Amino acid sequence: MRKLLFVMPQELMYQLALTRIPLIGDITIKKLLEHFGSAGNIFNARRQELERIETVGAIRAGAIRSFRDFTEIEKEIAFMEKHRIQPLFCTDPAYPQRLLHCYDNPAMLYYRGNASLNAARMINIVGTRHPSAYGRSVCEALVAGLSEAGVTIVSGLAYGIDIIAHKTALTSGIPTIGVLAHGLDRIYPPAHKQVAVQMLEQGGLLTDYPSQTAPDRQNFPKRNRIVAGICDATIVIESGMRGGSLITADLANSYHRDVFCIPGRLHDPQSAGCNYLIGQNKAALLTGAADVLAFMGWQEKTGAGSVPVSQTRLFPELSEEEQLIMSLFREKSQRHLEELYLQTRLSGSQVATAVFNLEMQSVLRSLPGQLYELVC
């Protein structure tokens, strides 16, 4: 595990303080960082400079300049050091890179565990808190099947499908990460404490809430944006027409992530949400782990399917961005769109333009599920 609290203590204090200033939300923090570069520079800026930043204005600038509650910040840092909690500011290289592509990603995360938050393959599994025997068996079989492809399983540590997914991941020997709607000074529900302790050794616990934050009702929908945004895809197993699972699926769609649903019987209220998402083309119908691996392009290709290193040299007229994207197809001929974002570090518009141009030149072709394939 990387060394904890690697940022300078004073900068960390400023980062934590930014998240506690009234009226200063995640989007405003990121606007400020774009202009000033660091949390310390924000606190040291003149009020007039702060007021000129979009979304800040006089009231928010005044709130920044008048913040003095650093005693509570020091207590939070002491708590993190004692319990080996890693603070991850949005400028930290270890911050989940997939989340950076979400417009409402949290400025600060708190993480305890040993699994990478930037693993190559991450899937979240959500669903009802009261699964049927069918839902339970499907979830267990699905996670076991995904374990063969080295997928990290993410969920919310809640009753039902969430905890079944976590437990099956643990027994299958793959990392599993729980995203919490409260601080890391407690586990909710308390009945899942033993599983949470196991997850610290084979995964981790993640939240955007500091210690002393209770699991209040309004925290759970907000938590779901992390569940959806940190993963390549969302899988819903048994869900009614209302609840957190559909919120997570909607968020995943808004982040341009893939969504899958296990279908249920017609007129079964426990599967009404899944059937609705499939019927509205908001989710792909899922029958097992093999469907996910095929849809995501995670089936390994060897031999004749591999792409020679020199292949991009056949296209000397490509732009620098296009050449960079083509270089990713050297090892495998199919890539998910999210891989192109994460591995090239280009902006969303640059990737979109480059991929479109490559399609127009018949160099790449698009496949279902935001996949792209090299045209041989």
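The values are calculated or read from the model by the stated rules, or taken from the named source; none is laboratory data. These figures come from a predicted structure and were not determined experimentally. No Cβ is skipped: glycine too gets one built from the backbone with ideal geometry, and neighbour counts run over all protein chains shown.
Only a single item in (1) of a type in the set (A, V, I, L, M, F, W, C); (2) out of contact with any strand residue (DSSP E or B) (no Cβ under 6 Å at 6 or more places or on another chain); (3) farther than 25 Å from residue 133 by Cα is not met by residue 246, and it is number (3).
Residue count for the range 176-208 satisfying the condition of being surrounded by fewer than 23 Cβ atoms within 10 Å (Cβ to Cβ), part of a loop (DSSP other than H, G, I, E, B), in contact with a helix residue (DSSP H, G or I) (Cβ under 8 Å, 6 or more places away or on another chain) and of a type outside the set (Asp, Glu): 3.
Can you tell me which residue in the range 78-91 is modelled with the lowest pLDDT, limited to those that are crowded, with 16+ Cβ neighbours inside 10 Å and out of contact with any strand residue (DSSP E or B) (no Cβ under 8 Å at 6 or more places or on another chain)? Only one residue tops the list, namely 91.
Of the residues examined, residue 94 is not one that is free of Cβ contacts under 8 Å to residues at least 60 places away in the same chain and part of a loop (DSSP other than H, G, I, E, B). Looking across the range 319-349 at every residue that is within 16 Å of residue 96 (Cα to Cα) and acidic (Asp, Glu), the one that is modelled with the lowest pLDDT is identified as 338.
The set of residues from the range 333-376 being in contact (Cβ under 8 Å) with a residue 24 or more places away in the chain and out of contact with any helix residue (DSSP H, G or I) (no Cβ under 8 Å at 6 or more places or on another chain) comprises 334, 361, 367, 373, 376.
Condition first: charged (D, E, K, R), buried (at least 16 other Cβ atoms within 10 Å of the Cβ) and in contact with a strand residue (DSSP E or B) (Cβ under 8 Å, 6 or more places away or on another chain). Now tell me which residues in the range 333-376 satisfy that. Listed by number, the list holds a single entry, 335. Assigned to a loop (DSSP other than H, G, I, E, B), modelled with pLDDT of 95 or more and farther than 22 Å from residue 297 by Cα - does that describe any residue in the range 134-153? The answer is no, given that none of the residues of the range 134-153 is assigned to a loop (DSSP other than H, G, I, E, B), modelled with pLDDT of 95 or more and farther than 22 Å from residue 297 by Cα.
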